[in-house]
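Participant: I'd like to ask you about the structure that follows.
The values are calculated or read from the model by the stated rules, or taken from the named source; none is laboratory data. Keep in mind the model is a prediction, meaning the values are calculated, not measured. In this analysis, Cβ positions are derived from the backbone assuming ideal geometry, glycine residues included, and neighbour counts consider all displayed protein chains. For accessibility, only protein heavy atoms count, side chains too; no ligands or nucleic acids. Shrake-Rupley method; radii C 1.70, N 1.55, O 1.52, S 1.80 Å.
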Amino acid sequence: MSNSMLTLEYISKAFGPVQALNNISLAIAPGCVQGILGENGAGKTTLMNILFGLIRPDRGQIRLNGQVVAMRSPRVAQKMGIGMVHQHFKLAPALSVTENLALAVGRNFGLLHRTFFRQRITALARRLHWEVDPETVVGDLNVGQQQRVEIIKALLGGGKVLILDEPTAVLTPQEVDELIPAVRSLAEAGITVIFISHKLSEVTRLCDRIAVLRRGEMVFAGPTGELSAEEIAQRMLGTQSAASTLGVSSTSPGPVRLQLSRVCCTVPAAHGAKPLLDNIDLSVRAGEIVGIAGVEGNGQTALIDAILGSLPIRSGVIMLNGRDLRHEAHFRRARQFACIPEDRQGQGLVLSLSLTANLMLRSYRNPEFSRFGLRRVKAWRAQAVGLIRSFDIRCAGVDVPIQALSGGNQQKALIARELHGHPPVILAINPTRGLDIGATAFVLQQLAATRRRGAAILLIHSDLDELLSLSDRVMVMYAGQLLPTHWPAVDRAVIGRMMMGVKPQAA
Ligand SMILES: Nc1ncnc2c1ncn2[C@@H]1O[C@H](COP(=O)(O)OP(=O)(O)OP(=O)(O)O)[C@@H](O)[C@H]1O
Ligand SMILES: [Mg+2]
């Protein structure tokens, strides 16, 4: 163990009654890409936060090149060459790339430093074959570009160890294909990379070794090829992984619930008046799932915003159950939809509130939960306990802040709230993002069951396999247009090509 560059020894950590980590040991050689797998709440992020100095372990120690080191803070970790890209990014959107990076290393920001940082950023980007403009404001970058900035930030401290916590959860498949060689080139340069993901295929493609955590215990550590995918899943879940049976809708769909006719929307002239939504025709019936495939950034977010009323449309009509929504107030309009949004922390959850309060955000006004404007505490608690149990939300109690939940469990809480109470129309973007394989199968089954009960579901999903397995009809979104397909009578490859802008007749 002593010639390994990085060694974690007997690490334990409890949060109240939750034993997040129990006696974890792991040795990682320089230049190794170490994958970490485990279901939601298994302890992956906690272990990395300990390595990065954000959390102090209850027991155990960390060695770098044989020396015991005390990771008292992220600053100490950075000084030792350890960098971390978090599951949820930590950049200031109003500042430029250079300013963000200077802030991160805590330097004062004179002219000399600006030049120095700009050069460092450009040099690091070039090494990874990335185009990064140091003067761009971070808020103008898309998620994939922001992640590159985060990676460069993590390498500024000297780059001996790079921790990537679910980096691919926010990326499009193309961006994943670009990230993987970049990570490999870092490893070839001798940097130790720790890579967390729920996608087995990515881990087996990229990682030299894998470690599997289950409920805070290390249940496997070894070379990547040693276990089959099925065996890894089995270790992660502690059971045989159940293949999910979804099936298409057995009953024929009912009346049209949501209808968009010739909807157009443009971005303001300041950005060049680009069409965001270009003549969209779409209908979703009760009891069907309409899937929208597409590379992110082709108008999917605008489509949801237009339906909810937060993005004004230039022309066209949006109808819900035969009623024109144009004249309805935004808040009343949005309330009629269940929505699993793209950005769970920004739009779906209120991070300063407890798990229970977050679970009640849709229903707290119902008479069973409030009387004379006061909340009925027992009813709240019973409702929260029921949802936590049925969605298997792992938490230390109903009153914990939602922020104390692991990323995947936050997502489960959001979905539990939105799918509860038989909502008639559901809008979902990437509902399984950040979920482990068990939770993913569960959520897909829940969506299928909700459809069987007559819900109209609009599903926008960047995971084409999941989208095709669940949808009754599939459309492709490209450059603001919605193109119909003859799914399932059409090849998956044709849909893939349509996503890249190739028209079906030419495909
Ligand atoms: N600050 C905290 N306070 C209380 N409990 C916490 C805190 N941070 C983590 N936990 C708990 O520790 C456990 C492990 O969480 P962790 O975030 O490490 O999981 P994870 O493996 O990263 O999961 P995911 O795949 O969902 O991101 C969870 O049960 C979580 O609720
Ligand atoms: Mg995590």
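Participant: Could you compute the net charge surrounding residue 286? Neighbours are other residues with a C-beta less than 13 Å from the C-beta of residue 286; K and R count +1, D and E count -1. Spell out each step's value before the answer.
Facilitator: On the way: positive: 257, 285, 451, 452, 453; negative: 288, 472.
Net local charge, residue 286 excluded: +3.
Participant: Contact order normalised by length for the chain, with contacts defined as Cα pairs under 8 Å and 6 or more residues apart; what percent is it?
Facilitator: On the way: 995 pairs, mean separation 81.3, N = 507.
Dividing the mean separation by the residue count of the chain yields 16 percent.
Participant: How large is the charge dipole for segment 6-237, taken about the Cα centre, if only the Cβ atoms of Lys, Arg (+1) and Asp, Glu (-1) carry charge, to the nearest 20 debye?
Facilitator: On the way: 25 positive and 21 negative charges, 198 e Å.
Taking the Cα centre of segment 6-237 as origin, the dipole is about 960 debye.
Participant: Here's a follow-up. Just round it to a whole percent: the fraction of Cα-Cα distances in segment 6-237 exceeding 29 Å.
Facilitator: Here the tail beyond 29 Å accounts for 26 percent of pairs.
Participant: While we're on this one: Compute the distance from the alpha-carbon center of segment 440-455 to that of segment 167-213, in whole Å.
Facilitator: When both Cα centres are located, 31 Å separates them.
Participant: OK, next. How much accessible area per residue does segment 6-237 have, counting only protein heavy atoms and a probe of 1.4 Å, in square angstrom? Walk me through the numbers on the way to the answer.
Facilitator: Values: 9800 Å² over 232 residues.
Per-residue accessible area for segment 6-237 comes out at 42 Å².
Participant: So, one more: Quantify how much of the Cα-Cα distance distribution of the chain extends past 43 Å, in percent.
Facilitator: 19 percent
Participant: Which of the peptides 59-68, 463-472 is most tightly packed, and how do the rest follow, judged by the mean count of other Cβ atoms within 10 Å per residue?
Facilitator: On the way: 59-68: 14.5, 463-472: 18.5.
Per-residue mean Cβ counts within 10 Å order the peptides as 463-472, 59-68.
Participant: Over the chain, how many pairs of lysines fall under 21 Å by alpha carbon, counting only those 8 or more apart in sequence or from different chains?
Facilitator: 12
Participant: Give a residue-ordered list of calculated ³J(HN,Hα) values for segment 393-407 (Karplus: 6.51 cos²θ - 1.76 cosθ + 1.60, θ = phi - 60°; whole Hz; x for Gly, Pro).
Facilitator: 7, 7, 8, 7, x, 6, 9, 5, x, 4, 5, 7, 7, 5, x
Participant: If ligands, DNA and RNA are left out, what is the accessible area of residue 45 with a 1.4 Å probe, given in Å² to the nearest 10?
Facilitator: Looks like 50 Å² after rounding.
Participant: Calculate, in nm to one decimal, what residue 479 and residue 446 gain on full extension: separation in residues at 0.36 nm each, minus their alpha carbon distance.
Facilitator: 8.8 nm
Participant: With N set to the residue count of segment 383-478, report its C-alpha Rg divided by 2.2 N^0.38 Å to two decimal places. Don't skip to the answer; put the middle values down first.
Facilitator: Numbers: Rg = 13.8 Å, N = 96, 2.2 N^0.38 = 12.5 Å.
Here the answer is 1.11, to two decimals.
Participant: If you don't mind, there's one more thing I want to ask. Quick one: which residues, 5 or more positions from residue 474 or on another chain, have an amide H under 5 Å from its amide H? H modelled 1.01 Å from N in the peptide plane, none for Pro or chain starts.
Facilitator: 291, 485, 487
Participant: Per the 1.4 Å probe, what fraction of the accessible area of the chain, in percent, lies on carbon and sulfur atoms? Provide the component values of the computation, followed by the final result.
Facilitator: Details: 11940 of 22650 Å².
Its accessible area is 53 percent carbon and sulfur atoms.
Participant: Sort segment 327-405 into rounded, prolate or oblate with this rule: let a ≥ b ≥ c be the square roots of the eigenvalues of the Cα gyration tensor; rounded if a/c is under 1.5, and if a/c is not under 1.5, prolate when a/b is larger than b/c, oblate otherwise. Write out the running numbers ahead of the final one.
Facilitator: Numbers: a/c = 1.98, a/b = 1.19, b/c = 1.66.
Judged from the Cα gyration tensor, segment 327-405 comes out oblate (a/c at least 1.5, b/c at or above a/b).
Participant: Can you run the Rg to Rh ratio on segment 23-89? Use alpha carbon positions and the Kirkwood inverse-distance Rh. Numbers along the way, then the final one.
Facilitator: On the way: Rg = 12.0 Å, Rh = 13.0 Å.
Using only Cα positions, Rg/Rh for segment 23-89 is 0.93.
Participant: What does DSSP give for segment 6-237 in terms of the percent of beta bridges that are antiparallel, rounded to the nearest 5?
Facilitator: Details: 22 of 40 bridges.
Counting only bridges with both partners in segment 6-237, antiparallel ones make up about 55 percent.
Participant: Below 15 angstrom from the Cβ of residue 421, what's the summed charge of the other residues (Lys, Arg +1; Asp, Glu -1)?
Facilitator: Values: positive: 335, 362, 365, 417, 453; negative: 368, 418.
In short, +3.
Participant: Now for a separate question. Rounded to the nearest 10 Å², what accessible area does residue 10 have for a 1.4 Å probe in the complete protein model?
Facilitator: Per-residue accessible area (residue 10): approximately 130 Å².
Participant: Go through 16, 69, 35 and say which Cα lies farthest out towards the positive end of the charge dipole of segment 6-237; charges sit on Cβ, +1 for Lys and Arg, -1 for Asp and Glu.
Facilitator: 69
Participant: Next question, about the same structure. Suppose only helical runs count, i.e. DSSP H with n ≥ 4. What mean residue ellipticity at 222 nm does that imply for the chain under -39500 (n - 2.57) per run, divided by all residues and rounded to the nearest 500 deg cm²/dmol?
Facilitator: On the way: 16 runs with 163 residues, N = 507.
It comes out at -9500 deg cm²/dmol, rounded to the nearest 500.
Participant: Counting only C-alpha contacts under 8 Å and six or more residues apart, can you give the relative contact order of segment 6-237 as a whole percent?
Facilitator: Values: 437 pairs, mean separation 67.8, N = 232.
Relative contact order here is 29 percent.
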